[in-house]
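Only the coordinates and a few stated rules stand behind these numbers; no lab work does. Quick caveat: nothing in here was measured; it's all calculated off a predicted structure. Ideal geometry is used to build each Cβ from the backbone, glycine not excepted, and the neighbour counts take in all protein chains shown.
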Amino acid sequence: MSDNCSRREFFANALKLAAVAAIPVGALKILEPGEAKAAIAKTGVRWGFVVDTYKCIGCGFCVKACKNENEVQYDAPVSRTWVERYVIKKDGEMLADTPNAARDGFTTSKIHGQAVPDSEISKAFFVPKLCNQCDNPPCAQVCPVGATYQAPDGVVLVDRTWCIGCGYCIMACPYGVRFFHPKYKVAEKCNFCYHRISKGMKTACVDACPTGARMIGNLKDPNDPVTKIVLNERVGVLKDEYGTKPQVFYLGLDKNVR
Amino acid sequence: MSNHVWRPAWVVLGVVALILTARFFYVPSDFGTHERGFMYGYYRKANEEDWKKIKVKYLTKEYCKDCHSDKYEMNMASKHSIIQCENCHGPALDHPENPPKLVIDNSRDLCIRCHAKLNYPSSRRGELKGIDPETHNAGMECSGCHNPHKPSLEGLK
């Protein structure tokens, strides 16, 4: 045998090296006892949301209830949730609007002042929007001070005492759900009515909805109606290609919805 | 090393020490990396409780049904049973202490949120019974003829 390694040894060593290199740094980290315990004892709750766009009638009661419940000024042009109307005409043209975030509902067939005769409509529907409580929230990632974060139950929250109002998160959200709170002057967003869901209630928008188009539930509970829909029915999420892993699932999502 | 190097160096070290001391007192002890790791879970833990403490304003029908059982039962037997009292009467808050009386919104605007007819295929709005607000008794309150708690055409006032 020469000093050089044989072809057999070379391949064996290369495989060993590849195996070692594949161990992630995280796997080698030694956890403190407390950390290890916390990592194992995961919370039994992961809040998720289902929006049924077939059922939504565009009344805007969800927006009204949300604004009052969460003290977002009623006349301010911002809202934690809103409803969009999509009208797709037979010639392929798409019209969409959300007047005042649909705070007062959709009461006329005019879109941006333009009348659309019924005979020209091929399909028309309403799409409620709210924070997707992403599993990989880009807004939390960009926060330079640790003011916005994902709570253990999956809800992304904003610490109003800690936020410096830099606006990075507002820019980072691909869904445009964040805005500056006109009164508190900090970043604001839907947090699934954290004060309600933590008391066993439903969100204000879910309670206000007169058609059951909005549902909130625990995705870690296989018997929860929301979980059953997500697992058993054809649901879509908004902007899946961004890799944010939204936890708001839409039934009847159309390709025109963005 | 000569003095002109040490003097500014001491100033810099002093500033750094000052910042670290200030940070020690300013940043709460529960601020740090939590369940979701540094990227998504770097925050002040007590803030979760801050959010939970916020007052609930919309209390749902469960809160109304005992005192207003007559209205509750009439409504629950009608087509409007899924609609919350507070959708029309406003948030209950601490009613009956504060506010002692809730609003009674009889405006047409409230009813036509749902019942302005929009013939939208593929949306339930298209199936919902509705009117053209401009031609159907324009200017009149809906509740003059229809009972919002029990809306049926047989029950017209």
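For chain B, the membrane-span-like helices by this rule, meaning whole DSSP H stretches whose C-alpha atoms cover at least 18 Å of axis and whose Kyte-Doolittle mean is 1.0 or above, are B:3-26; this says nothing about an actual membrane. Taking GluC sites (Glu not before Pro) in DSSP loop conformation with at most 12 other Cβ atoms inside 10 Å as exposed sites, chain A has its longest uninterrupted site-free stretch at A:94-232. Pull up the cross-link candidates among the lysines for B:LYS57, meaning alpha carbon to alpha carbon under 20 Å and not fewer than 8 places away within one chain. Partners within reach: A:LYS64, A:LYS67, A:LYS183, A:LYS189, A:LYS199, A:LYS202, B:LYS65, B:LYS101. Legend: mean number of C-beta atoms from other chains within 10 angstrom of residue C-beta atoms, peptide B:31-44, equals 6. In this structure, the amide hydrogen of A:VAL116, modeled 1.01 Å from its nitrogen in the peptide plane, lies closer than 5 angstrom to those of A:ILE111, counting only residues at least 5 positions away or on a different chain. Averaged over the residues of A:105-112, the number of partner chain Cβ atoms lying within 10 Å of the residue Cβ comes to 5. Contact order, relative form, for segment A:44-258: 30 percent (alpha carbon pairs under 8 Å, 6 or more residues apart, mean separation divided by residue count). Mind listing P(r) for the protein assembly as shown? All alpha-carbon pairs, 10 Å bins, whole percents. Pair shares across the bins are 4, 18, 25, 22, 13, 8, 5, 3, 1, 0, 0. From least to most packed, judged by other beta carbons within 10 angstrom and beginning with the fewest, A:ARG103, A:ARG258, B:ARG23, A:ARG178 follow the order B:ARG23, A:ARG258, A:ARG103, A:ARG178.
Highest mean packing first, where packing is the average number of other Cβ atoms within 10 Å per residue, the peptides B:91-104, B:110-123, B:54-67 line up as B:110-123, B:54-67, B:91-104. Couplings for segment A:233-241, taken from phi via the Karplus curve 6.51 cos²θ - 1.76 cosθ + 1.60 with θ = phi - 60°, read 10, 8, 10, x, 10, 7, 6, 4, 5 Hz in order; Gly and Pro are left as x.
Once backbone amide H atoms are built at 1.01 Å from N, A:PHE249 has A:PHE49, A:VAL50, A:VAL51 as its partners under 5 Å, excluding neighbours fewer than 5 places away on the same chain.
If you take the square roots of the eigenvalues of the alpha-carbon gyration tensor of segment B:12-56 and sort them as a ≥ b ≥ c, do you get rounded (a/c under 1.5), prolate (a/b over b/c) or oblate?
Details: a/c = 4.59, a/b = 1.98, b/c = 2.32.
Since a/c reaches 1.5 but b/c is at least a/b, the shape of segment B:12-56 is classed as oblate.
Using the alpha carbons alone, the radius of gyration of segment A:44-258 stands to its Kirkwood radius in an Rg to Rh ratio of 0.96.
For peptide A:119-131, compute the average count of partner chain beta-carbon atoms within 10 Å of each residue's beta-carbon. Walk me through the intermediate numbers first.
On the way: counts 1, 0, 6, 2, 5, 8, 7, 5, 1, 0, 0, 0, 0.
Mean shielding count: 3.
FRET efficiency for A:ASN256 and B:ASN137, Cβ-Cβ distance as r, R0 = 30 Å, nearest 0.05?
Numbers: r = 36 Å, r/R0 = 1.20.
Approximately 0.25, to the nearest 0.05.
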